[in-house]
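The structure under discussion appears below in the form of structure tokens.
The values are calculated or read from the model by the stated rules, or taken from the named source; none is laboratory data. Since the structure is predicted, the reported quantities are computational estimates derived from the model, not experimental observations. Note: ideal-geometry Cβ built from the backbone for every residue, glycine included; neighbour counts use all protein chains shown.
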Ligand code: SF4
């Protein structure tokens, strides 16, 4: 699919140890926020390039409560009703609810009414207590993360689920993570997909001391396909493991390679330098012996690429065109970053 990760701020009070993206609220030199005009301009770029979805992704800003997300989602939907807002996760809900002094349920109801279509499942990291405390000690517990996702599903807001691999967790903890997701899914049926991805080693407190191998990653895809018998889709993360491993994942149980992300700054900041374009992803899937198709957020096929002669020819559909994280990134010169302090 085609989407943009629109990063609205990197200011964050949560200081996860694997994260290379955030700036502490006091760090005026590193911290930035985008204003609404910039965000709308990025949405316009996404629409112009045929994108169908945005992932609104950012830090836990100490001043951004439910009202901030209501204002932004309603403005985006008013200007671009065709864009699906597939964004955030239980951690952001917990944070915004606390800032606004409301329950998680009220926060979800309000941002859904303002335009949020589904949750991207951000912040799952590792759900079991030991590895979660080791890498994200200020985040809510794994149980709370699932509880908030369960509330969302009950309110009709579906989500994907994710897993961060390679920060020193054991195989038993990996299985515990997917078992916790499977148990929740048995009750709600609201997880559309499971998306494991790998920790990127640069510019963060963990300093790359641990990493998941490609073998471990592919094995997790295969185990997830068998173990998560109640989740329809498994996504291979070519952005973090590379295009070849992403291609292989299609033979280990993945049925989806995510998106050409027109903008991405979060895992790029931590060293994920894999980039691609639409034609390359189509070729990669075809060479794996599969039929490539562009999908919607809800997994319906929008365009099936049966015949190479009819492949789309728009060369502008390239990942990270707006990335500010990669040296030499091609951010549009008018897309300014706004200092927060
Ligand atoms: S992963 Fe998210 S919550 Fe954690 S420090 Fe980074 S931006 Fe903040």
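Side notes on the structure shown:
- One residue stands out in the stretch 28-45 among those that are within 16 Å of the ligand (Cβ to nearest atom) and assigned to a loop (DSSP other than H, G, I, E, B): the one that is surrounded by the fewest Cβ atoms within 10 Å (Cβ to Cβ), namely 30.
- Of all residues in the stretch 7-16 being assigned to a loop (DSSP other than H, G, I, E, B) and at pLDDT below 95, the one that is surrounded by the most Cβ atoms within 10 Å (Cβ to Cβ): 10
- For the stretch 201-233, the set of residues classified as under 24 Å from residue 260 (Cβ atoms), surrounded by fewer than 19 Cβ atoms within 10 Å (Cβ to Cβ), free of Cβ contacts under 8 Å to residues at least 60 places away in the same chain and out of contact with any strand residue (DSSP E or B) (no Cβ under 7 Å at 6 or more places or on another chain) consists of 214 only.
- Within the stretch 135-148, being under 17 Å from residue 97 (Cα atoms), in contact with a helix residue (DSSP H, G or I) (Cβ under 6 Å, 6 or more places away or on another chain), part of a helix (DSSP H, G or I) and within 16 Å of the ligand (Cβ to nearest atom) holds for 145, 148.
- Candidate set: the stretch 46-63, residues that are under 17 Å from residue 36 (Cα atoms) and part of a loop (DSSP other than H, G, I, E, B); chosen: the one nearest to the ligand (Cβ to nearest atom): 59
- Residue 93 under 22 Å from residue 150 (Cβ atoms), in contact with a helix residue (DSSP H, G or I) (Cβ under 7 Å, 6 or more places away or on another chain) and not in a loop (DSSP other than H, G, I, E, B): yes
- Condition met for residue 180 (touching a strand residue (DSSP E or B) at 6+ places or on another chain (Cβ under 6 Å), more than 28 Å from residue 23 (Cα to Cα) and part of a helix (DSSP H, G or I)): no
- From the options 258, 246, 236, 242, residue that is touching a residue at least 60 places away in the same chain (Cβ under 8 Å) and under 29 Å from residue 47 (Cα atoms): 258
- Pairs are defined by a Cβ separation below 6 Å, a sequence spacing of at least 6 or placement on different chains, a first member in the stretch 14-27 that is more than 8 Å from the ligand (Cβ to nearest atom), and a second member that is part of a loop (DSSP other than H, G, I, E, B) and modelled with pLDDT of 95 or more; the pairs so defined are 25/62.
- In the stretch 120-134, residue surrounded by the most Cβ atoms within 10 Å (Cβ to Cβ) [restricted to those that are touching a residue at least 40 places away in the same chain (Cβ under 8 Å) and near the ligand (Cβ under 9 Å from one of its atoms)]: 125
- Flag if residue 4 is surrounded by 17 or more Cβ atoms within 10 Å (Cβ to Cβ), touching a residue at least 40 places away in the same chain (Cβ under 8 Å) and more than 16 Å from the ligand (Cβ to nearest atom): yes
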